[in-house]
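To start, the structure itself, in structure tokens.
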Amino acid sequence: MKLNIRTKSENYVVYIKRDLLNDLSNYIKEYKKEKILIITDENVANIYINEIKKTLKDFKIDFHIISPGEKSKSLNTSKDIYDKLLYGKYNRRSLIISLGGGVIGDLAGFVASTYMRGIDFIQIPTTLLSQVDSSVGGKVGINYNNIKNIIGSFYQPKKVLIDPETLKTLDLKNLKSGLSEVIKYGIIRDYDFFKMLKMEIDIIKSLNIDKMENIIKKSLEIKEEIVYLDTYENDIRKILNFGHTIGHGIESLNDFQRFTHGEAIALGMISEAYISRELGYISSDYYCEIKYLLNKIISDVKFTREEKQEIIKNLENDKKNTNKDIVFILPINRGEVRIFYKGIDRSLIIKSLGADR
Ligand code: NAD
Ligand code: GLY
């Protein structure tokens, strides 16, 4: 299936097709004469590199393989890639392909957006999280000084190529991490979708590829609608960050080693839904519904007092904040959230991190 993505700068197509990787040459044939650098990580390379080499045997490809994990979304890794591009004589007609999860997509996209003021870039997302979220919408970037995505740009890929079969090699932890962003779409925009996820979560976790294809499509339709309205995140696009205010604070703990992005966001969504209930915006029933579904992705975590302080410190660095106020996206109804630019008490944020929520 095909999805048209409209943004304020350019439009492109997302292809979602089983076994697309075996047919990759057809999707990138316009680059046959150009140099192509495929950026990936060791885990993904171990599984897919031979298949890619075979299908692209008539293309001028090279690989840049990095260590897996959030720590690689860095200036140092970017520098290594710039060096490879420069000494390999890549130019404005060359292509960068990201083959991997959100770490690879964000990093490769950032390098593509800055090398020679921008060269073509194609996303091949291989985790659920990157298939339903990070590969579309043009947010690319790296972490710096332990602050998530603080250096980056908006840079749209030329196309996004999704092969849902790649999910078969993903471990359950990372599958659940992606489901966290899927549930987010239901909470922010579509209660029917949320209800379906609640009913079918156990089948979904067992990786039914037909279901996954539909879930990927539905998630991207919701994302597209929002990105089209507000590509540069001046307003409504902020709602895609539901769970991320507290979630980014949690993700940064222990040098990004403790939680996956999706796990941290799931915990952030529970805390932020709790805040919403405490402020009277949503009922206890709806809060319990949200918590029930997210606890299928991650069990509650007991943070120490020091960890709670560190989370607060981390979230004060959030890019969405204006002055000293911390910006929150809170559910206000089933399938509906609102942006709160101020007024959320720090003591309530601390309380929302308690294990007795
Ligand atoms: P990731 O890229 O670290 O991938 C998770 C793990 O899965 C890695 O160990 C990777 O090697 C492995 N992997 C990838 N594909 C695989 C496959 N098919 N089979 C087996 N293993 C595979 O993490 P992620 O969860 O995909 O992405 C998280 C990142 O995405 C974070 O940095 C987050 O900030 C970013 N993000 C960006 C956006 C955006 O709009 N740009 C949106 C959401 C998240
Ligand atoms: N993942 C948040 C966004 O794309 O805006």
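Screening D255 against (1) modelled with pLDDT of 95 or more; (2) closer than 29 Å to L172 by Cα leaves a single unmet condition, (1).
Of the residues examined, G88 is one that is among the small types (G, A, S), surrounded by fewer than 24 Cβ atoms within 10 Å (Cβ to Cβ) and touching a strand residue (DSSP E or B) at 6+ places or on another chain (Cβ under 7 Å). Among residues of the range 62-81 that are on the phi > 0 side of the Ramachandran plot, those with a Cβ under 8 angstrom from a residue that is of a type in the set (V, I, T) and surrounded by 17 or more Cβ atoms within 10 Å (Cβ to Cβ), sequence gap 6+ or separate chain, pair up as G69/V103.
Among the residues of the range 140-158, those that are within 22 Å of N4 (Cβ to Cβ), in contact (Cβ under 8 Å) with a residue 40 or more places away in the chain and within 16 Å of ligand 2 (Cβ to nearest atom) comprise F154, Y155, Q156, P157. Listed by position, the strands (runs of 3 or more DSSP E) contained in the range 1-65 that have at least 1 residues being at pLDDT 95 or above, within 20 Å of the chain's Cα centre (by Cα) and surrounded by fewer than 19 Cβ atoms within 10 Å (Cβ to Cβ) are 2-5, 12-16. Restricting the first member to the range 204-221 and to residues that are within 18 Å of K173 (Cα to Cα), and the second to residues that are part of a loop (DSSP other than H, G, I, E, B), the beta-carbon pairs closer than 9 Å and six or more apart or on different chains are K205/K296; K205/I297; L207/L170; I209/R18.
Contact map, the range 257-275: residues that are surrounded by fewer than 24 Cβ atoms within 10 Å (Cβ to Cβ) paired with residues that are modelled with pLDDT under 95 and among the small types (G, A, S), Cβ distance under 6 Å, separation 6+ or inter-chain. No pairs are found.
Apart from one condition, E233 fits all of (1) more than 16 Å from ligand 2 (Cβ to nearest atom); (2) at pLDDT 95 or above; (3) outside any helix (DSSP H, G or I); the exception is (1). Quick check: is even one residue across the range 128-139 surrounded by fewer than 22 Cβ atoms within 10 Å (Cβ to Cβ) and either over 17 Å from the mean Cα position of the chain (by Cα) or acidic (D, E) (or both)? Checking the range 128-139: not a single residue is surrounded by fewer than 22 Cβ atoms within 10 Å (Cβ to Cβ) and either over 17 Å from the mean Cα position of the chain (by Cα) or acidic (D, E) (or both).
The number of residues in the range 289-318 being touching a residue at least 60 places away in the same chain (Cβ under 8 Å), exposed (fewer than 13 other Cβ atoms within 10 Å of the Cβ) and assigned to a loop (DSSP other than H, G, I, E, B) comes to 0. The residues of the range 86-122 that are within 12 Å of I36 (Cα to Cα) and either of a type in the set (V, I, T) or touching an Asp or Glu at 6+ places or on another chain (Cβ under 8 Å) (or both), listed by number, are G88, R93, S94, L95, I96, I97, A112, I119, I122. Is one or more of the residues making up the range 277-284 among the small types (G, A, S) and in a helix (DSSP H, G or I)? The answer is yes, given that some residue of the range 277-284 is among the small types (G, A, S) and in a helix (DSSP H, G or I). Restricted to the range 165-179, and to residues there that are within 16 Å of the chain's Cα centre (by Cα) and either away from ligand 2 (no atom under 16 Å from the Cβ) or closer than 23 Å to F110 by Cβ (or both), the residue that is surrounded by the fewest Cβ atoms within 10 Å (Cβ to Cβ) is K173. Screening K238 on (1) out of contact with any helix residue (DSSP H, G or I) (no Cβ under 7 Å at 6 or more places or on another chain); (2) within 23 Å of F340 (Cα to Cα); (3) free of Cβ contacts under 8 Å to residues at least 24 places away in the same chain shows it passes everything except condition (3).
The values are calculated or read from the model by the stated rules, or taken from the named source; none is laboratory data. Computed from a predicted structure; not experimentally measured. As a convention, Cβ positions derive from the backbone with ideal geometry for all residues, glycine included, and neighbour counts pool all protein chains shown.
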